[in-house]
Amino acid sequence: MGKVKEVEESLGAVFLQRPQVFLTGLGISTFAWLVMGGEFFFMLRYLGVPVTLLQMAGVLTAVRIAFLLPSPAGIGTLELSLFLAMRAVGIDPTCALAASLLIRSRDMALGLTGLILGGSVFTWSSHIKEV
C-alpha cells in the first residue's frame, strides 16, 4: 500500500503546484474520449444500428474497460463486452459481431500499415548506410 499512497501524493502535488499540467492532461483525455466516441457512433450508424447517446456511451465504456482486462492480447474480451453491453441496452447482439469485426479489421489495417512503413524506413536507412 506504500506505493499507492506515494503515487496519490505525487498526483496531489502536481494538481496543487502545477494545475496547468493537470488541466492539459484532462483536456487531452477529454479530446481522446470525444474522438473515440465519435468514431464508435459513426461505426454503429454505418452498421445501421439505431443508438442513443446514452446507449453508445454505455457500450463504449464497456469496450474500453475490456481493453484494460489482463488477458493475452485481449482475446475475446472485446467481443464479449460488446455482446453483453449491446444486449444490455437492447441492441441486437448480432450487431456486436459486426462491430467487433470492424474494430479488429481497423486495428489490423493500422498495424499492418505501421509494419510496412517501419519496414520500409528500416530498409531505406540500412540501404543509405551501405552507400
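Worth a mention:
- Rounded to whole Hz, the Karplus (6.51, -1.76, 1.60) HN-Hα couplings of region 90-104, x for glycine and proline: x, 9, 4, x, 5, 5, 5, 5, 4, 5, 5, 5, 5, 5, 5
- Calculated from backbone phi, Karplus (6.51, -1.76, 1.60) coupling profile of region 49-66 in Hz, x at Gly/Pro: 8, x, 9, 8, 4, 5, 4, 4, 5, x, 5, 5, 4, 4, 5, 5, 5, 4
- Whole-Hz couplings from phi, Karplus 6.51/-1.76/1.60, listed for region 16-21; x for Gly and Pro: 7, 8, 9, x, 5, 5
- Net charge dipole size for the chain [Lys, Arg +1 and Asp, Glu -1 on Cβ; Debye, nearest 20]: 60 debye
Quick note: the coordinates plus some simple rules give every number you see, no bench work behind them. This structure is a prediction, so every number in the text was calculated from the model and none was measured. Using ideal geometry, Cβ is built from the backbone for each residue, glycine included, and neighbour counts are taken over all protein chains shown.
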